[in-house]
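These notes concern the structure reproduced below.
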Amino acid sequence: MHFYQRLKDLREDIDKKQEDIAAVLNITRQQYQLYESGKREMPMHHFITLANFYNVSLDYLAGLLDTPRKLH
């Protein structure tokens, strides 16, 4: 699975809109949409922020693992 599909799945699992996640990252919805569609690479500091927000490991968020590992 590509990380951008994982981003979308995690967001939809908690019934959030792209605007909501963009606000967490302090970016525009349009910029977040580019990350989620795979059209732009997401910086590492956003990966870390989202891993903390979703309480999942970076390797799960990046699509390297299929089973989420909780951070806390």
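Readers should treat all values here as calculations from the given coordinates under stated rules, not as data from a laboratory. Note that this is a predicted model, so its numbers are computed, not measured. When we count neighbours, we look across all protein chains shown, and the Cβ atoms used for this are built from the backbone with ideal geometry, even at glycine.
Summary table
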| quantity | calculated |
| --- | --- |
| By average C-beta atoms within 10 angstrom, highest first, the peptides 58-67, 33-42 | 33-42, 58-67 |
| Under 16 Å from the Cα of K16 - lysines, other chains or at least 8 residues apart | K8 |
| Sites Q30 and L64, calculated FRET efficiency, Cβ-Cβ separation with R0 30 Å, nearest 0.05 | 0.65 |
| Per-residue HN-Hα couplings for region 22-28 [Karplus 6.51, -1.76, 1.60; θ = phi - 60°; Hz; x = Gly/Pro] | 4, 5, 4, 8, 6, 10, 7 |
| For region 57-72, Karplus couplings with θ = phi - 60° (6.51, -1.76, 1.60), whole Hz, Gly/Pro x | 6, 4, 5, 5, 4, 7, x, 7, 10, 8, 10, x, 10, 6, 8, 10 |
| For the chain, radius of gyration divided by Kirkwood radius, i.e. Rg to Rh on alpha-carbons | 0.92 |
